[in-house]
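For reference, the structure discussed in these notes is given below.
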Amino acid sequence: MADTALILVAAGRGTRAQQDVPKQYRVIAGKTVLQHTLESCAKALVFNKIIFVISENDELVSDVITRSSIDIRCTTGGASRTDSVRAGLQALREYDIEHVFIHDAARPFVSSGLLQQLSEALDTHDAAAPALPVTDALKTKSGEAFDRTTVLRMQTPQAFHYDKIMAAFDALPAGHQAADDIAIAKTHGLSLKFVEGEERNFKITYPGDFERAEHMLQTDNYMAVGQGFDVHQFEAGGTMMLCGIAIDCGYRLKGHSDADAGLHALTDAIFGALGLGDIGDHFPPTDDAHKDQDSAEFLSYAIDKISERGAELQHVDLTLICEQPKIKPHRAAMRGRIAQLCALPLERVSIKATTTEALGFTGRKEGLAAQAIATLKIPQ
């Protein structure tokens, strides 16, 4: 199956923002603009490859990469946006990429709905981009009226079939520059679709934009804590799935799905924080459609519900209660997998293990239990 890639163009110096550091590295609400943009995109859509296009000798990007649990590759951009996007596309040549999304690093408010619209548009078109109508009257510099109904305000991300946009860039005459990537797609004859853009998806450009962005990121919220608990019995044979990791131990967890108690407990914790019932309400064990289903799909569904609510997952804490298997050898892999599924930095994922001192069903090694707590920031 071919992959979807994201290119974040972050090679600009942001001189109009009048700051000592490039605008993509300015901190707002505790994170750099680039970090906010990355997290917004990663929560909204699954990207198999992410490319940062950065300026030469960019040392500031290392902090963003260190804070993220996502696999990020960097490439050096050029003197113009067109040159930088070409560099990002070329960095993907070695991979089996089907779709590519190209986004400005200084647009941190892209939504899940917008990315989904763009993804769906690629089912029928070669390229897609968000666009907004012009609502103000337009004049030429000489004062002549200009028909605003004939123009649109373009935004990013702009989405493409990778092979077609790569071919379009390859065909560009030397030195050719374009305002955006859709312009290059049109010149090359690609079929285009405009989806409805979003006013909140603005590009941070001028000093006043930082104040606006700060205000948007610190809108009144409340913190909600959800709790989940799950138990599964052991049965001989097969491979155990626990916290998204396969463990070959000669036995597995018994259940209708893959019986991953860790992911079930975490999914329930998220549902609890959102007030959406429990996992059985959304994935009934009587439904054969969920037979042997990967529990990562349950968790991804819960993560989508967070995005739909406009909320943000802040931290997860899981406790595994068992005599066997031994958790410590697998804990790092479990944390990494859950961080990936939840689009969280690794330091916001906690996994612990304990026993019941040989008491009860876990003490008799008949099964294990998992308890999870999820902390969410939810708009009022």
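Please treat every number below as a calculation from the coordinates, not as lab data. In this text, all values refer to a predicted model and were calculated from it rather than measured experimentally. Because the Cβ atoms are built from the backbone with ideal geometry, glycine has one as well, and the counts that use them run over all protein chains shown.
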Original post:
Out of every Cα-Cα pair in the stretch 199-306, what percent are more than 19 Å apart?
Top reply: 55 percent
Original post:
Roughly how many nanometres apart are two label points built 7 Å out from the Cα toward the Cβ at E357 and S80?
Top reply: 7.3 nm
Subject >> ³J(HN,Hα) computed for each position of the stretch 259-276 - Karplus, 6.51 cos²θ - 1.76 cosθ + 1.60, integer Hz, glycine/proline x >> reply: 6, 6, 4, x, 5, 5, 4, 5, 4, 5, 4, 5, 4, x, 5, 8, x, 10
Subject >> FRET efficiency, 1/(1 + (r/R0)^6) with R0 45 Å, evaluated for T239 and E120 via beta carbons >> reply: 0.80
**OP:** Scale the Cα Rg of the chain by the rule-of-thumb value 2.2 N^0.38 Å and send over the ratio, two decimals.
**Re:** 1.12
Subject >> Simple label model, 7 Å out from Cα along Cβ direction - A137 to T205, nm >> reply: 2.2 nm
Subject >> Rounded if a/c under 1.5, otherwise prolate or oblate - the stretch 3-217, Cα gyration tensor axes >> reply: rounded
Original post:
Where does each of 49-57, 164-172, 100-108 land if you order them by average Cβ count within 10 Å, highest first?
Top reply: 100-108, 49-57, 164-172
Original post:
Hey, in the GNM for the chain with a 10 angstrom Cα cutoff, which one of K365, K305, K141 fluctuates hardest?
Top reply: K141
**OP:** Give the distance, in whole Å, between the Cα centre of the stretch 47-123 and the Cα centre of the stretch 162-214.
**Re:** 13 Å
**OP:** Work out the count of Lys pairs in the stretch 3-217 where the Cα-Cα distance is under 25 Å, with the pair 8 or more places apart or on different chains.
**Re:** 18
Original post:
Rounded to the nearest 5, what is the percent of antiparallel bridges among the DSSP beta bridges in the stretch 3-217?
Top reply: 35 percent
Subject >> Difference of contour (0.36 nm per residue) and Cα-Cα distance, E144 to V225 >> reply: 23.4 nm
Original post:
Across the stretch 115-129, in residue order, what do the Karplus-derived ³J(HN,Hα) couplings come to in whole Hz, using 6.51 cos²θ - 1.76 cosθ + 1.60 with θ = phi - 60° and x for Gly and Pro?
Top reply: 5, 5, 4, 5, 4, 5, 5, 6, 5, 10, 9, 6, 8, 8, 8
**OP:** Step through the residues of the stretch 72-87 one at a time and calculate ³J(HN,Hα) from phi using the Karplus curve (6.51 cos²θ - 1.76 cosθ + 1.60, θ = phi - 60°), rounding each to whole Hz and writing x for Gly and Pro.
**Re:** 10, 10, 10, 9, 7, x, x, 6, 10, 4, 4, 5, 5, 5, 4, 4
**OP:** Provide the percentage of antiparallel DSSP beta bridges, counting only those with both residues in the chain; round to the nearest 5.
**Re:** 60 percent
Original post:
Kirkwood hydrodynamic radius for the stretch 249-380: how many Å is it when counted over pairs of different Cα atoms?
Top reply: 15.5 Å
Subject >> Mean Cβ neighbour count within 10 Å, used as a protection proxy, ranking 78-90, 114-126 highest first >> reply: 78-90, 114-126
**OP:** Return the calculated 222 nm mean residue ellipticity for the chain, to the nearest 500 deg cm²/dmol, obtained by summing -39500 (n - 2.57) across DSSP H runs with n ≥ 4 and dividing by the residue count.
**Re:** -9000 deg cm²/dmol
